[in-house]
Each structure stands twice: as structure tokens, then as C-alpha cells.
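Here's the structure, in C-alpha cells; my notes come after.
The values are calculated or read from the model by the stated rules, or taken from the named source; none is laboratory data. These numbers were taken from a predicted model, which means no experiment stands behind them. Heads up, the Cβs are rebuilt from the backbone with ideal geometry, glycines too, and the neighbour counts pull from every protein chain shown.
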């Protein structure tokens, strides 16, 4: 079976939070979601649906554009509840301390989104939460990162007091023009244009007991999350479509009707399910061609004209145009670069 390229996703409850924030400006959230090709009704019926991060990035951009608010992610915290993080947030909030919440739940954050990698670093009397975005998971909207970090502080304030604040917050991107607004929310120094996204906490603050802790509920939720995490990525219809395309692209012509039949779905049902995940058949096919093209070009012996036909292009010029659109370079130049890397190794 061909290896499926990573498709990072975000839980649908985040989209619902964005919708609430958009509506607080007196705007039509359904209209904005429609522009991002996301079905808001479908998410409201199933908040646990997974949405591609690429599509969510478009939604975040539209939200900022339509609200004309560069600090939209901070506005969003007004509507945050622990269950926005699904069971992960409830488990975290049920922990005896914030530190215990991190230690038990950090590995589960991928349930809210698997686009980011989270890690804790203890240095003397401080604890640093690092949020890293692997290059292959881009694009991730900067607002999504801001929203995660700000709602995490909101969650900590729910567990302790509204005066809770970290020692320092850092972002890789530049919003220094709005540093006052960010420092007012986080109640600490906020730095932009840094080498990474991170929150620095006082260890003593994280270890302060919280009165509403429910350790038994936290344990129950953790068991449920462990079971749920085994299945969530495989449940995406777009993942199944991608797997079919990659397994059959080099053997047969790819037709959406054949995929629908293989998945035991009607054509319109398949298209509707893909739309609910913010995808379309043509977008997935294009992504798979890109992925397979790079794999085939790395194999130095396959002629470019043959690769063109294998990927379903009618001629080599069509393949070259598509490859330039994907990578900003030509197939020949890409292959030469790959050859040089092999020689250097």
C-alpha cells in the first residue's frame, strides 16, 4: 500500500467557536464558512468532525478579513469553554493542578489538532510549553496558534483564578503593532518575531491545587481519549479517497465514480462528505499527483514523459505546468536537486 501523505486536521468544535466569535460582530457566520467551503450545519450536527487544517487556515483568514480585527483570536476567548478541546479540555480542567493537566493531557492535544507538536521543558522554577509546527503541516494560520495559546490561558484561569498569568509569551510571527492588546490579555510580556511559539510559566503557579479537581473523571476521560485517538484520522472520508487514489493512480485511470463505488457511497453522498471536510475530489487528486510526482522524480531512471502519462497528464508540458504550480520549479530542476543531495550523502 502506498504511504498516505499527512493531512493534519482540527476538531470541528474549534470551527463552532470561530462561528460564535464571528457572529458577535453582527456578521453572518454561515456566509463566511461557505466562502471557505466549510459546511457549518454539518459541524453543528457533529462537532467532533475533523476538518483539514489547510481549510481552517482559509477560514481564519476570512474571519480576520471580514471582522477587520487583527486580534480576532483574543476576541474568540470570550466564548471559550473547556469542551472546545473536546474531552481533552474536560480532562485537563478536572486535574488537581495545571501541571498535572499538562502531564496527563499533553499527548492528547493532537485530538484537537494534529498540526502542532507540543512539549514541556522544565528549567529551574519555570516550565516552558513549546508549540512547534512541522514544515510539512503548513499552512497553519497564525490566528489558530494565537487562539490555542490564549484559550489555554483561559482554561488555566477557569481552574485557578482570573488573575492567573504566565511569565512570558512568544510568537514567531509579527503582530508587534498590537502588542498592547496581547499583553493586556496575557497579563505578561508578549514578544513577537521570536524563534518559536512558547509560553513560560512559573512552576509554583502550575502546581497550585485547584478546588474543583475531579481526578476520577480525568482518568475516565483519558481512557476514552486513548480509544478515540485510535480511530479519528482513519474516519476522514478524504483520507480514504486519498488512499484509493495513491494505491490505484499508477495502475488505472482515476474516476470519482469508481471511488464512490469502492467506498459503497453514492456519488452525491461522497461529494457531500468531502465538502463537509472542506475538500473536493479535484483538490485531493491534485495533492496526490503532487505527492506521487515527487516520489517518481526521486527515482532517477523513470523518464519525465513516462511520469507525465503515469500521473494522468496528456503530455509532458501539462505535467511541467502542474509541477511548477506545486513547487515553483520544473520537474527537471527538482530531479537534479535530488540527485545532488544523494551525491552529497
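For residue 286, state whether it is out of contact with any helix residue (DSSP H, G or I) (no Cβ under 7 Å at 6 or more places or on another chain) and touching a residue at least 60 places away in the same chain (Cβ under 8 Å).
no
Given the criterion surrounded by fewer than 14 Cβ atoms within 10 Å (Cβ to Cβ) and touching a residue at least 60 places away in the same chain (Cβ under 8 Å), identify the matching residue among 122, 175.
One residue alone meets the criteria, 122.
For residues that are modelled with pLDDT under 95 and not in a helix (DSSP H, G or I), scanning just the range 51-73, find the one that is surrounded by the fewest Cβ atoms within 10 Å (Cβ to Cβ).
Step by step, filter the range 51-73, then rank; the result is 52.
Right, residue 88: touching a residue at least 12 places away in the same chain (Cβ under 8 Å), touching a helix residue (DSSP H, G or I) at 6+ places or on another chain (Cβ under 6 Å), assigned by TED's automatic domain parsing to the domain that holds residue 32 and closer than 27 Å to residue 175 by Cα or not?
In short, no.
If you check residue 48 against the conditions, is it surrounded by fewer than 17 Cβ atoms within 10 Å (Cβ to Cβ), outside the structural domain of residue 288 (by TED's automatic domain parsing) and within 23 Å of residue 138 (Cα to Cα)?
Taking the combined requirement at face value, the residue satisfies it.
Test each condition in (1) more than 25 Å from residue 136 (Cα to Cα); (2) surrounded by 14 or more Cβ atoms within 10 Å (Cβ to Cβ) for residue 280 and report the one that comes out false.
Condition not satisfied by residue 280: (1).
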